[in-house]
Structures are given as structure tokens and as C-alpha cells.
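I have placed the structure first, in the form of C-alpha cells, so that the comments after it can refer back to it.
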Amino acid sequence: MKASNLRKLRISLGLTVTGCAIGMGVTRQTIINIESGKTTKESSLQHYELYLKDIRRKQEARDNYKRKLK
């Protein structure tokens, strides 16, 4: 996934740069560098992408559970 798409995904999930940094155990600057394309390490991009997709999966599971309770 492109760095710019990772930023869009983060925003669509309602996450802040700081929140992602804390969740991943990295600095805010690391997240900023990944999203701006300054970090080209494939492992960093993949790790961040997997982190965001895991958050999305958890949010979807929570939403599905809430719908079942209604």
C-alpha cells in the first residue's frame, strides 16, 4: 500500500499520529516519515499497514457485535 493511502486509512479509522505511534511503540516522527514517503523501508511500511488493518478489523468486529446486540 502506498504511504499516502496509509495516511488516508489512519484518518478514516479516527486515529491520530500520536495514537498510532504509541500503539506501535515508535515515535510520532516515524509515523510522519512513513506517511510522507520519507521512510522507504519495506518492513516499516508493511508493519504500519498491518497495524492499521488490525485496528480496522477490531473496529469492524466491535461494530458487528454491537449490531447483533440490537
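Residue under question is residue 22, and the condition is that it be among the hydrophobic types (A, V, I, L, M, F, W, C) and open to solvent by 50 Å² or more (accessible area, probe 1.4 Å); does it hold?
It is true that residue 22 is among the hydrophobic types (A, V, I, L, M, F, W, C) and open to solvent by 50 Å² or more (accessible area, probe 1.4 Å).
Checking the structure you have, find out if any residue of region 42-62 is among the β-branched types (Val, Ile, Thr) and exposed (fewer than 11 other Cβ atoms within 10 Å of the Cβ).
no
Of all residues in region 30-41, which are surrounded by 12 or more Cβ atoms within 10 Å (Cβ to Cβ) and either in contact (Cβ under 8 Å) with a residue 40 or more places away in the chain or touching a helix residue (DSSP H, G or I) at 6+ places or on another chain (Cβ under 8 Å) (or both)?
30, 31, 32, 34, 35, 37, 39
In region 1-29, which residues are under 14 Å from residue 49 (Cβ atoms), in contact with a helix residue (DSSP H, G or I) (Cβ under 7 Å, 6 or more places away or on another chain) and in a helix (DSSP H, G or I)?
Listed by number, the residues that qualify are 3, 6, 7, 9, 10, 20, 23, 24.
The values are calculated or read from the model by the stated rules, or taken from the named source; none is laboratory data. Note that the structure is a prediction, hence the values are computed from the model and not measured. A quick note on method: Cβ atoms are made from the backbone with ideal geometry, for glycine too, and the neighbour counts reach across all protein chains shown. Ligands, DNA and RNA are excluded from the accessible area calculation, which covers all protein heavy atoms including side chains. Shrake-Rupley method; radii C 1.70, N 1.55, O 1.52, S 1.80 Å.
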